[in-house]
Every structure is written in structure tokens, then in C-alpha cells.
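Worksheet: the structure to be examined is printed underneath.
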Amino acid sequence: MVMARSLYVAGAGPESGKSVVALGVLDAMARRVGKVGLFLPVVRAGAIDPLVTLFRERYPQLIPDDTAAAACCGVTYDDVHADPAAAMETIVDRFAEVERRHDAVLVIGTDYTDPGAPTELDVNAMIAVNLGSPFLLVLTAHDRSPQDVAATMDVALNSLAARSCEVLGVVATRVPRHEQDTIRAALSHFPNVEVLPELPLLSAPQVGQVFQACRAGTLFGSPRRLESEALSFVVAAMTLPRVLQHLRPGCLAIVPGDRSDMLVGILMAHHSQTFPRLAGVLLTGGLQPEPIVRRLVDGLGTSLPVGATPLNTFEAATVAAGTRGRLTDSSPGKVKAALELFDRHIDGARLLDRLDLARSHAVTPLMFEHELVQRARAQRKRIVLPEGTEPRVLRAAEQVLHRDIADIILLGAPEAVERAAALAGVDVSACQVLDPCDDELRHQLAAEYARLRAHKGVAMDAALDMVTDVSYAGTLMVALGIADGMVSGASHTTAHTIRPAFQVIRTVPGVSVVSSVFFMCLADRVLVYGDCAVNPDPTAEQLADIAISSAGTAAAFGVEPRIAMLSYSTGESGRGADVDKVRTATQLVRERAPQLQVEGPIQYDAAIDAGVASTKLPESSVAGRATVFVFPDLNTGNNTYKAVQRSAGAVAVGPVLQGLRMPVNDLSRGATVRDIVTTVAITAVQAQLQLTWAQEVPAVALALPATTPAPPRKPVPEQEQEQPMTTNLPVVGAG
């Protein structure tokens, strides 16, 4: 495995197809690491490079503005010619800035458009070596025999080796489909070779590009159709019946300018149901249709582009055939086709496995958020946000909709929500707004609440009053299937948010305690803290349940669970009721879930710091590398997560409840818009699974024997008791 955080993609010559490969690699990188950077070491002077524009359109989160776009570029060709040494220093400095801000960087080499650089591969090799980037070599098989392709690869590899450039792999592009096996065999003496078959669409120029290359003006048709690809060309110089036989889908007809009969015939064929749709018509010789013919064509109302060029027919055909299509931001169909081709024929994950880009045990915040959003998008769910007039909630709702994370239900009077949205400057018109005071909805929710609470003597009149509370209304919507999950707490206490869930949603059978975790998104990892919001003083049995549930939550979201059962003492050094409780809980975890890595009692520093761990618990597989931290009580957990959040600048996502039958999640009252968006994504994923966090990983969740009796709990007021529950409401709010 090559230890590198960047990859250099460059061609062995012009028209290599490296843009297709770079697009596929960047897409694979974005799925693998948290934040991917783009860097072009040498560009043409003037406007922003077309590749930067393309990637900016495709990945706006990576290149959000002109400043970021400019930062993607190193120097110009003029800079390289004027002072190669100074240009290289600038390239290295600017690359370092990009690398510093990203988890991984894709470097895209030069375009072989500089007539003053005949040894451009050498230039790319020197840049790659100076950047410490492994090289992915791209070469084209178009109009080449397998032997020629192999010879090109060997010459390029020797050149790269002479520059001490490490080659990660070779990609042959535009390989004729009937020669894929032959080409692969011809290149098999190099161990890491990928083959991309020819896809005519990718090399096809847009009609507008052909017109521009031929210096043609547009006479008829829609300007938008100029972005269509010309998949082939036909010179229409024969009789109309002969030409009609040669028309193919997406072809551009090159017509002598004095053949008005041919122009009309081709336009009629394009509009006919029995002939293929064409890309355009190019009239040659500097001739245009007579006025009477123009009148006829105008009457057809055609959208097919028709251009006129001063070139003669032979010249126009030659220029058109030599016009090479490129991936641009104006060709979304071509971009989609390129990504599909790459995914179908190249294993991007296997390619990146050769780099040091393998998914690490410690998940970065950006990776965590990206994975959440991708999973939420895969199957959109309806999430109810009861605090429908809270500005942060409204801004988060707008972002959730814009990023296609979930569908949103806002609670509140429609006019109040609309007014609050206007004041916040957001557009939430795509949200569904429901008013708990609406008579029909209110009676529907009250009937369900009265049914669920009949054993507590709740009558319909009392239920009608209760469901006007937005927390109860939102929770009941989840119970009734009106919504798939709920997120609240931006302006309500934790107790106010989750009390209805205890009464209405209740626990999963076999789960003895409802608990919570926070995802603590630090600069270089994501940790799981539990329980910091629900259980004030858990027993040893409850603490074991919390640990097992928290491990399931961690595993469900890409954090490998290594559990630290925290105490003020490490190992066997301490004694006392508090330490003994943690020691007993640790033993219970080992008995109930022997597949889990767990250590306890252990102090926080020994759990997270490898240096301290080597002294206090040198043989432990958890000490120094814990990812799941189980606190002995709510006082310790709540204060610790807030201390880490504020002093380390961590993003605290949660509390995420574990053990409920349906997803309800709480926010801190200090939650940012980003916190809310992330919690909505978590809730959406939970709703997709239709499982609670304690059930997410069956091997973990089922470790608790069904015969284990519910551990005793402290008495709570009668109105708060629930027969399946063994948890108290929080005495210290998480918000």
C-alpha cells in the first residue's frame, strides 16, 4: 500500500481520456474520505480552467466559490516557460495549502496543449514527485493496435521510472469493445492495468463546438440544442433518398449551402416519426437558403440547430471530424455517462485501496456527515420538526430539503410558520405544515393518545388538551405513521422532548433501559459518548445495557466499537462502590456480548491516550484507542460532553435515543443549524432501518438474554411510570 494522501492523474499524450478517469476517481474519493481537494498544477492563463468549472458544478461543496476555484490552480504555462524552478516552488506551496485543508487531494496533470512542452510527461512526473503523489497513468487505445498501446505504456513507464515516480496503475481508455481482452493481455506485463471501453458519447463534440470550430453562425433552431452531442457526421452531397439511408441518431448533416432541397428533406426526416432524431445541420460554402426557403423553414418551427460556415464541404467535414468533445459543466448527460462507465469497468475502491485512503477506524466528522446524508438520501423519510417557528429549525429544514436528505413536516399554525420563515429569510414552501390545533388532526391524535393512556385514566377531553403540545403531537404522528421520525429540543428541554416518547412510543421488547449517546465529532475522529442525557444514576446492570446499546449505535454508523467503561480508577487500582459498579458492569458486558472489545474500569486519559495506556494498561486492546465511552452517571457524562464540545470545538450530535420502538431524537438547546441537519439525517436513517439503535446490530443487541429480569429502578412518580421501562427521566437536561 502506498502511503499517500494524494493521487496524480495524467495522460501519456494528448486526448488520453484523463478527464473521464479523473471524474471517476474524484467520485470514488468523495465516497471514501471526508473532504476531497482538487489541484491542477499547470493551467492556461485567463479564465478558470474548464475542468475546475466542471468539478465545481458537480461538487459545489468542494469548490463553493471563485476563491476556492482559483485556489485549485497552481501556475500557468507562461510561468513554467519563464522560470521553471520558481514555478515548481509555487506549485508545491499551493498544493500544500490545498492538502492542508483536505483529507485527500486529486491532482490532474497537464492537457498536452502547450506546443512549447514536447516532454510534457516528464513535467508531470517531476511535479508528481515533488508533491509526493503516486501516478495514475492514462493512455488512449483509439486508432491504435494492441502492440502500439503496449509500446506507448512501456515508453511512458520508463520515463516515469527515470524520474523516480511511483506508478499506482495504468488505465487504457477508448478501447474498442471487441478488443478489450486483447488490449488487457498486451498490457498484462504491468500488474495494475484497468481498461475503459469506447463510449462514442464521451468523445462526441457538442453541436455548438462544431459550429464554433467551423466559424459557423446559427440560422435556425433552439440555442439549447447547441449543447447536444454530434455522435457522427454525414456529408449530404448525394440525392435525398441516398442521404436518408445514412441518417443515424444524433448525427450532424453537412450539407452544401446551395442544396436547399437537401436542407428541407433532412429537416422533414428529423421531424418524421419514422426517422431518427438528428443533432444538427451545417450548411457549407458561405451560402444561405433563399428567402422563400427560409420562410418555409421558419414555418416548420424546428428546434434543430442549423448553421452556416464559410468553409467548403471538404474543409467543414475535416474540421468537424477533428473536433474533440470534452467533459464540461454544460454536458450533464456526458458526465453521467462517464461516471457510469467508470463504475461499471473500474473498481474505484480497489484502486484507492492501493493508497493510504482505506477507511480508517477513526471516522472523521466529514466522513460521518457524508455517509449519513448518502444513507438518508437512499430512501427519503418524513421527519417531523415540532418547533416549526424556531429560526434555526427553519434554516435546517431548508437545508434538509435542498440536500434531499428527508421530507419535512413542520408543526405550527401555517400563518405563524410562514411569518417566521420570512423573518428568517428561508424558503420552506416544500415542507408540509400541520397545525396540532386543527380540529381534525387534533381529534385523530387525541384518540390515539387516549387509547394508549387509558390504563392511566386519560379521557378524551384531557387528551385533546395534551396533544396541542407540539412534543406530544409530533410523537403521536410518529406513532400513527404520519411521520417516520421526530427531531425536537432546540427550544425545549430534554425532558419535555422525550417524555412523550416514553409514554407513547415505548421500548423495544427485550430492551431493559432506554439510554442515549452523543456522537462527538472531533477534528480527526468521531467518538460515541453514553449516557449523557437520560439515566441519572444507572445500576451496574443498566450500565452494561447502555454499553451494549452504544456499541450497536457506533457500529451502525461506521465507528468500530471499542468500549471504555469509565471511572476515576483504572484496572484493579481502586476500590469503592462507584468503581465496583463499573467493574461489575464491565464483567456483565463481557458475559452478554463476548464479541465486543471492552475495558473497565478505566480513566478517560488511559482510554484515549496511547501514551498513558501503555503505562496503565499495556496489554489492553481498548486502552488508548477507545471509541465508545460509557460514563458511570449522568452528572459525569453530561458535564464531560459539554466540556469537550466547548473546549475542543467538537460538534456534539444528539442525544440519540436507544431502545425506543420508533425514532425520536433530542437536540441540545444550543444546537446549531448544522447540528439539526445532522440529527435529522440520523433520524431518517433510523427510520429506514425501522429499528432502534439498540437493535441496529443484532449480534450486539441480542447479547442480552431474554430471561434476564429487568433490573430494579428507583421509585418515580406514578404519572411517569411505564411498565416496560427501567429508566428515570433526566434530572440534568442535555440541552
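On the stretch 424-482, 50 percent of the accessible area sits on carbon and sulfur atoms, based on a 1.4 Å probe. Per atom type, the stretch 279-330 shows carbon and sulfur on 57% of its accessible surface, probed at 1.4 Å. When the charge dipole of the chain is built from unit charges on Cβ atoms (+1 for Lys and Arg, -1 for Asp and Glu) and taken about the Cα centre, the candidate among Asn130, Val656, Thr570 whose Cα reaches farthest toward its positive end is Val656. With protein chains left intact and a 1.4 Å probe, residues in the stretch 596-670 average 36 Å² of accessible area per residue.
Using DSSP, restrict attention to beta bridges with both residues in the chain and report what percent are antiparallel, rounded to the nearest 5.
Bridges in the chain that DSSP calls antiparallel: roughly 20 percent.
What the phi angles of the stretch 526-543 give under the Karplus curve with 6.51, -1.76 and 1.60, with θ = phi - 60°, is a coupling list of 10, 10, 10, 10, x, 9, 10, 9, 10, 9, x, 9, x, 6, 4, 5, 5, 4 Hz, glycine and proline written as x. Since only Gln503, Phe519, Val534 are under comparison, the one whose Cα sits farthest along the positive direction of the charge dipole of the stretch 442-559, derived from C-beta charges on Lys, Arg, Asp and Glu, is Gln503.
Each peptide in 119-130, 373-384 receives the mean, over its residues, of other Cβ atoms within 10 Å, and ordering these scores from highest gives 119-130, 373-384. Its Cα centre serving as origin, the chain has a Cβ charge dipole (Lys and Arg +1, Asp and Glu -1) of approximately 900 debye. Comparing Leu588, Leu385, Ala463 along the charge dipole axis of the chain, the residue lying farthest to the positive side is Ala463, per the Cβ-charge model.
When only alpha carbons of the stretch 47-95 are considered, Rg and Dmax amount to 12.3, 35 Å.
Rolling a 1.4 Å probe over the heavy atoms of the protein chains gives the stretch 1-148 an accessible area of 40 Å² per residue.
Here the stretch 592-651 is assigned +1 on the Cβ of each Lys and Arg and -1 on the Cβ of each Asp and Glu. Its dipole about the Cα centre then comes out at about 180 debye. Taking the Cα centre of the stretch 304-358 as reference, the dipole from Cβ charges on Lys and Arg (+1) and Asp and Glu (-1) amounts to some 100 debye.
For the stretch 505-602, applying the loop criterion from DSSP together with a ceiling of 11 other beta carbons within 10 Å to the GluC sites (Glu not before Pro) yields Glu572.
For the stretch 472-478, 3J(HN,Hα) computed residue by residue from phi via the Karplus equation (6.51, -1.76, 1.60; θ = phi - 60°) reads 5, 4, x, 5, 5, 4, 5 Hz, glycine and proline entered as x. Backbone phi angles across the stretch 615-623, fed through the Karplus curve with coefficients 6.51, -1.76 and 1.60 (θ = phi - 60°), yield HN-Hα couplings of 8, 8, 9, x, 9, 7, 7, 9, 4 Hz in residue order; Gly and Pro are listed as x. Amide H to amide H, with H built 1.01 Å from N, Cys73 comes under 5 Å of Leu40, counting only residues 5 or more places away or on other chains. Among the lysines of the chain, pairs at least eight places apart or on separate chains and with Cα atoms under 24 Å apart come to 7.
Output the peptides 439-451, 527-539 sorted from most to least packed, where packing is the average of other Cβ atoms within 10 Å over each peptide's residues.
Highest-to-lowest ranking by the protection proxy: 527-539, 439-451.
With the full set of protein chains in place, find how many percent of the accessible area of the stretch 71-141 is carbon and sulfur; take the probe as 1.4 Å.
53
With the convex hull of the Cα atoms taken as the outline of the stretch 204-289, the averaged projected area works out to 5.0 nm². For the stretch 490-553, the solvent-accessible area works out to 19 Å² per residue, with a probe of 1.4 Å and every protein chain left in place.
Using the Stokes-Einstein relation with a Kirkwood hydrodynamic radius computed over Cα pairs, the translational diffusion coefficient of the stretch 333-484 at 25 °C and a viscosity of 0.890 mPa s comes to 132 µm²/s.
The values are calculated or read from the model by the stated rules, or taken from the named source; none is laboratory data. Please read these numbers as outputs of a predicted model, since none were measured by experiment. Don't worry about glycine lacking a Cβ; one is built from the backbone with ideal geometry, like all the others, and counts go over all protein chains shown. In case anyone asks, the SASA skips ligands and DNA or RNA and just uses the protein heavy atoms, side chains included. Shrake-Rupley method; radii C 1.70, N 1.55, O 1.52, S 1.80 Å.
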